[in-house]
Amino acid sequence: MSDLLVSIRQAKPDDAEGLSRVFDAAWREAYQGIIPGVTLEKMLSRRGLRWWRSTVTRGRPLAVLDIGQGVAGYASYGRCRDRSLPADGEIDELYLLPEYQGVGLGRRLFKAVCNDLRAREMNRIVVWALAENARACDFYEGMGGRGIARVEERIGGAPLAKVAFLFR
């Protein structure tokens with residue numbers, strides 16, 4: 001890992017292919033066995049190149065973890081979308097290619113995004129994770145997040161619990 005040139009920057013339209021690759025690989029790794037198979041495949045198929053090109057040009061910030069050879073991760077974030085939570089900012093998604101997980105790059109991306117949110121005067125930050133995704137829940141707890149809410153959502157007919165982690 002020490003040989004990698006790592007940067008965290010805002011996404012560009014040229015990143016669409018890399019973002020799509022990260023999304024597909026990370027979601028398969030994180031949610032296989034949690035989200036029903038057919039539903040997971042449908043969710044993955046909706047986020048192709050066209051979707052990512054459009055997303056990059058929208059207003060919500062999208063940061064990429066660039067390892068010099070391309071996109072290895074991303075985070076989508078901005079103002080908290082749920083007014084019932086005691087948060088100003090929200091990280092909607094934070095994903096890395098599976099081969100780059102567990103070596104500190106997710107922590108770097110998370111801290112960079114939190115710093116950007118705080119620079120935008122959003123000091124209380126929330127992140128949602130599926131409760132069955134133990135790796136994500138452990139990551140957010142390890143980063144200092146405190147569980148403040150739990151809701152159940154039906155995804156593909158299966159009831160799945162989501163946990164909100166608050167960071168101050």
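Shown here for segment 1-92: trypsin sites (Lys or Arg not before Pro) in loop regions (DSSP other than H, G, I, E, B) with at most 15 other Cβ atoms within 10 Å, namely Arg46, Arg47, Arg58, Arg81, Arg83. Straight-line reach from Lys12: taking Cα to Cα under 24 Å and skipping same-chain neighbours fewer than 8 places apart, the lysines in range are Lys111. Relative to the current alpha-carbon distance between Arg135 and Ser84, full extension at 0.36 nm per residue lengthens the span by 15.7 nm.
The loop-placed trypsin sites (Lys or Arg not before Pro) in segment 100-149, going by DSSP, that have at most 15 neighbouring Cβ atoms within 10 Å of their Cβ come out as Arg120. Residues whose amide H lies under 5 Å from that of Leu160, counting only those 5 or more places away or on a different chain, are Glu153, Arg154, Ile155; hydrogens are built 1.01 Å from N in the peptide plane.
Extension gain for Glu93 to Lys111 (0.36 nm times residue separation, less C-alpha to C-alpha distance): 5.1 nm.
Whole-Hz Karplus values for segment 93-110 come out as 8, 8, 9, 10, 4, x, 5, 10, 7, x, 10, x, 6, x, 4, 4, 5, 4 Hz, taken residue by residue from phi with 6.51 cos²θ - 1.76 cosθ + 1.60 and θ = phi - 60°; glycine and proline positions read x.
Taking a ≥ b ≥ c as the square roots of the eigenvalues of the Cα gyration tensor, segment 1-63 is classed as oblate, since a/c reaches at least 1.5 and a/b does not exceed b/c. Taking each DSSP H run with n ≥ 4 as -39500 (n - 2.57) and averaging over every residue of the chain yields -10500 deg cm²/dmol at 222 nm. Computed over Cα pairs, the Kirkwood radius of segment 82-168 leads via Stokes-Einstein (0.692 mPa s, 37 °C) to a diffusion coefficient of 241 µm² per second. For segment 141-157, the Karplus equation 6.51 cos²θ - 1.76 cosθ + 1.60, evaluated at θ = phi - 60°, returns couplings of 5, x, 7, x, x, 10, x, 10, 7, 9, 10, 10, 10, 8, 10, x, x Hz by residue, with Gly and Pro reported as x. Projecting the Cα atoms of Gly68, Ile155, Gln101 onto the charge dipole of the chain, computed from C-beta unit charges around the Cα centre, puts Ile155 farthest toward the positive end.
Need the full-extension length gain, Met43 to Ile155, defined as separation in residues times 0.36 nm minus the C-alpha distance. One decimal, nm.
Working: separation 112, 0.36 × 112 = 40.32 nm, distance 1.02 nm.
The span from Met43 to Ile155 would gain 39.3 nm if fully extended.
Rounded is the label for the chain, because a/c, from the alpha-carbon gyration tensor with a ≥ b ≥ c as root eigenvalues, stays below 1.5. By DSSP, the beta bridges lying fully in segment 7-167 are antiparallel in about 90 percent of cases. Computed from backbone phi with θ = phi - 60° and the Karplus coefficients 6.51, -1.76 and 1.60, the 3J(HN,Hα) list for segment 37-43 is x, 5, 5, 4, 4, 5, 5 Hz; x is used for glycine and proline. Excluding same-chain neighbours fewer than eight residues apart, the lysines reachable from Lys42 by a Cα-Cα span under 25 Å are Lys162.
No lab work stands behind these numbers, since they all come straight from the coordinates. What you see is a predicted model; the values in this text were computed from it and never measured. All Cβ positions, glycine included, derive from the backbone under ideal geometry; neighbour counts span all protein chains shown.
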